[in-house]
Structure formats: C-alpha cells, structure tokens
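Worksheet for the structure shown next.
The values are calculated or read from the model by the stated rules, or taken from the named source; none is laboratory data. Everything numeric in this text was worked out from a predicted model, so none of it was measured. Surface areas here come from the heavy atoms of the whole protein model, side chains and all, with no ligands, DNA or RNA. Shrake-Rupley method; radii C 1.70, N 1.55, O 1.52, S 1.80 Å.
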Amino acid sequence: MTLQELENKKSDFLSAEEVAEYMGVGAQKVRDQAHYDAEKLGFPVVVINSRVLIPRLAFVHYMKYGVTQLVV
C-alpha cells in the first residue's frame, strides 16, 4: 500500500495492519509499541483496550513532513 492510497482512503482511521504494511513491519509490532510507549511511534495513535487506531490524516502528515502537528 502506498502513502497516496492511504491518503485517499475514506475512513478517518487506519488499522495497525495498513500502517505496518506501508512501513514494512509486522502489525503486531505496531500494536505492541502503541500499548507500551506510543510516543516512540512518532505519529498519534488511539488505543482502546486491545484495539489500536491511527488517525489517517495525522499519519500521512507525519510520513510526509516528519512532524505530527501542523504549524500555522
């Protein structure tokens, strides 16, 4: 999956599987890091019990620019 494909998705959130595929790592590694120390991922995540959701636009922005916040 390309960054353009992720950017064009209709959903507001990406799954750990989608992000992991793009990054070339295992989905469980993304989930584990989100649970243990989400800040080290570099992009925002939402953890609800065992579920990990990644805000789509924030992830795409981070991958493009290396920062998680828009500077206005």
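Okay, here's what the table says:
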read-out: For the chain, accessible area per residue (1.4 Å probe, heavy atoms of protein chains only), Å²; value: 68 Å²
read-out: Set of lysines near residue 29 by C-alpha distance (under 18 Å), chain-local residues within fewer than 8 positions excluded; value: 40
read-out: Whichever lysines have a C-alpha closer than 21 Å to that of residue 10, once near sequence neighbours (fewer than 8 apart) are set aside; value: 64
read-out: Note, ³J(HN,Hα) from phi for segment 10-15, Karplus 6.51, -1.76, 1.60, rounded to Hz, x at Gly and Pro; value: 7, 6, 7, 10, 9, 8
read-out: Which labelled figure in (1) 13.2, 46; (2) 11.5, 35; (3) 10.9, 32 is Rg and Dmax of the Cα atoms in Å, once derived from the coordinates; value: (2)
read-out: With every protein chain in place, the chain: carbon and sulfur % of accessible area (1.4 Å); value: 52 percent
read-out: Rounded to whole Hz, the Karplus (6.51, -1.76, 1.60) HN-Hα couplings of segment 49-64, x for glycine and proline; value: 6, 8, 8, 10, 10, 10, x, 4, 5, 5, 5, 4, 4, 4, 5, 7
read-out: Amide proton proximity set for residue 13, modelled H, under 5 Å, gap of 5+; value: 56
read-out: Residue among 53, 14, 41 with the largest mean-square fluctuation in a Gaussian network model of the chain, springs linking Cα atoms under 10 Å; value: 41
